[in-house]
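The values are calculated or read from the model by the stated rules, or taken from the named source; none is laboratory data. Because the structure is a prediction, the values reported are computed rather than measured. Cβ atoms come from the backbone with ideal geometry, glycine included; neighbour counts cover every protein chain shown.
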Amino acid sequence: MAIHQAYQQLVAALEKCYDSGEAKSIARIVFEDAFGIHNFSRQEALSPAQASQLREITARLLAHEPVQYILGIADFYGLKFKVDARVLIPRQETEELAHWMLETLERKVLTVLDIGTGSGCIPVTLKQQRPEWDVWAVDISQDALELAAENARMNGVELHLRQTDILDETLWAALGQFDAIASNPPYIPTREAALMPEHVKRFEPPLALFVDNEDPLVFYRAITRFAQMHLKPGSWLFFETNEFNAGEVAEWLRNQRFKEVELKRDLSGKERMVRGEWVSV
């Protein structure tokens, strides 16, 4: 089968499960990342091995498995990251958070911490963009940290990685002082799991998604308290949120004596990021 026919057939198959724009985006990722093909109108045929691989990929996509997990790779801020079921798939909103950090923070030697790092997409990106920075990342999952270490090596940067449960305050003293702290913590109440897209529920790690129904902001509260003890005066705390809790997170920061608290909308116009400056008491 010719490349252009194979591409068109994949798009048509995916349009049964996804809208047209997303179907084309997924098909593009498959042809570029799996086969190294960037011109989808080429007349030459796929090799038998490529055709077989495409059939397998298509079947998994139609079962709602995310293309990033199928291919084992995700794009983030112009970089490639290994991903699998150990970590969340890096998303555009998190790219925007990393960009906001780079815009906000001064171009000097800084010490920065990412809490709940998962694939390491935030700290690897920061270190790649600002090699002079001293970048740390923590996660409760040792499996996630192992993948973050792979991604750091793959992108040619060095990070300080440490396993820790940020909800356990007895572990906080082992971490130092920072010029900026960032986190995209779990924030979805377990009661809302049924509302999640099928591909998220079935394939992405629940530990990185869900929190107890009683306090969906439990991680934001704990990380804010940690930041009050571990941010230097005049330093920044950055959060990724969902559109429904962003205002509450911002109000929480104001009540905890953070200054210049700001909500930021993502490219879809939804309030998805919050930052605040710690001036100290």
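Selection of the stretch 236-279 for residues being of a type in the set (A, V, I, L, M, F, W, C) and without any contact (Cβ under 8 Å) to a residue 12 or more places away in the chain yields only Phe244.
Of all residues in the stretch 19-30, which are free of Cβ contacts under 8 Å to residues at least 40 places away in the same chain and surrounded by fewer than 18 Cβ atoms within 10 Å (Cβ to Cβ)? Break it down stepwise before answering.
Within the stretch 19-30, the subset free of Cβ contacts under 8 Å to residues at least 40 places away in the same chain is 19-25, 27-28.
Residues satisfying the conditions are Asp19, Ser20, Gly21, Glu22, Lys24, Ser25, Arg28.
Of the residues examined, Gly234 is not one that is outside any helix (DSSP H, G or I) and either surrounded by 14 or more Cβ atoms within 10 Å (Cβ to Cβ) or aliphatic (A, V, I, L, M) (or both). Of everything in the stretch 198-231 that is assigned to a strand (DSSP E or B) and aliphatic (A, V, I, L, M), the residue that is modelled with the lowest pLDDT is Val211. Scanning the stretch 75-95 for residues that are part of a helix (DSSP H, G or I) and surrounded by 18 or more Cβ atoms within 10 Å (Cβ to Cβ) yields Glu93, Thr94, Glu95. Filtered by the rule that a residue be closer than 16 Å to Ala182 by Cβ and in contact with a strand residue (DSSP E or B) (Cβ under 7 Å, 6 or more places away or on another chain), the stretch 225-234 gives Ala227, Gln228, His230, Leu231, Lys232.
Just to be sure, is Arg130 closer than 22 Å to Val218 by Cβ and either at pLDDT below 95 or among the basic types (Lys, Arg) (or both)?
Values: closer than 22 Å to Val218 by Cβ: no; either at pLDDT below 95 or among the basic types (Lys, Arg) (or both): yes.
Against the criterion (closer than 22 Å to Val218 by Cβ and either at pLDDT below 95 or among the basic types (Lys, Arg) (or both)), Arg130 does not qualify.
Pairs linking a residue in the stretch 138-156 that is within 19 Å of Trp172 (Cβ to Cβ) to a residue that is of a type in the set (Gly, Ala, Ser), with Cβ atoms under 6 Å and 6 or more positions apart or on different chains, are Asp139/Gly116. Does the stretch 31-47 contain at least one residue that is free of Cβ contacts under 8 Å to residues at least 24 places away in the same chain, touching a strand residue (DSSP E or B) at 6+ places or on another chain (Cβ under 7 Å) and not assigned by TED's automatic domain parsing to the domain that holds Ser235? Scanning the stretch 31-47 turns up no residue that is free of Cβ contacts under 8 Å to residues at least 24 places away in the same chain, touching a strand residue (DSSP E or B) at 6+ places or on another chain (Cβ under 7 Å) and not assigned by TED's automatic domain parsing to the domain that holds Ser235. Put simply, of Gly120, Gly176 the only residue that is out of contact with any Lys or Arg (no Cβ under 8 Å at 6 or more places or on another chain), crowded, with 16+ Cβ neighbours inside 10 Å and at pLDDT 90 or above is Gly120.
Within the stretch 157-179, can you find the residues that are of a type in the set (A, V, I, L, M, F, W, C) and without any contact (Cβ under 8 Å) to a residue 24 or more places away in the chain? Those that are of a type in the set (A, V, I, L, M, F, W, C) and without any contact (Cβ under 8 Å) to a residue 24 or more places away in the chain: Leu171, Ala173, Ala174.
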